[in-house]
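To start, the structure under review is shown below, and the notes come after it.
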Amino acid sequence: MKERVPAAEHRQCARHKCANFLKRFKGKIFRKLFWKAAGSTIPQKFEYHKNEINKLEPLAYEHLMERDP
């Protein structure tokens, strides 16, 4: 796709990212924080929720950051 339409934006499905994330990091708190971060409308809120995940479990934070947030 990138070869034919180089300016096209590639997006990832948050629902699938969340499902894969929750396979490794169980619990309602992770689900809640994931969707708060995913639904953030301004970068500051996204950073805040991302940091909340990091405080709770640094490995969960690293897992998400490896997958192009």
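Readers should treat all values here as calculations from the given coordinates under stated rules, not as data from a laboratory. Because the structure is predicted, anything quoted here is derived from the model rather than measured. Neighbour counts run over all protein chains shown; Cβ positions are idealised from the backbone, glycine included.
Among the trypsin sites (Lys or Arg not before Pro) within the stretch 1-47, those in coil by DSSP and having at most 13 neighbouring Cβ atoms inside 10 Å are 2, 4, 11, 26. Here each label is just a point 7 Å from Cα along the line to Cβ, and for residue 55 and residue 29 those points are 1.1 nm apart. For residue 36, neighbours were defined as the other residues whose beta-carbon sits under 10 Å from its Cβ, and their charges (Lys and Arg +1, Asp and Glu -1) total +3. Relative to the longest principal axis of the Cα atoms of the chain, the long axis of helix 43-56 makes an angle of roughly 50 degrees.
A run of the chain free of exposed loop cleavage sites, with GluC sites (Glu not before Pro) counted only in DSSP states other than H, G, I, E and B and at most 10 other beta carbons within 10 Å, reaches its longest extent at 10-65. Once the Kirkwood radius over Cα pairs is known for the chain, the Stokes-Einstein relation at 25 °C and 0.890 mPa s delivers a diffusion coefficient of 190 µm²/s. If R0 is 30 Å, the Cβ-Cβ spacing of residue 20 and residue 44 corresponds to a FRET efficiency of close to 0.70.
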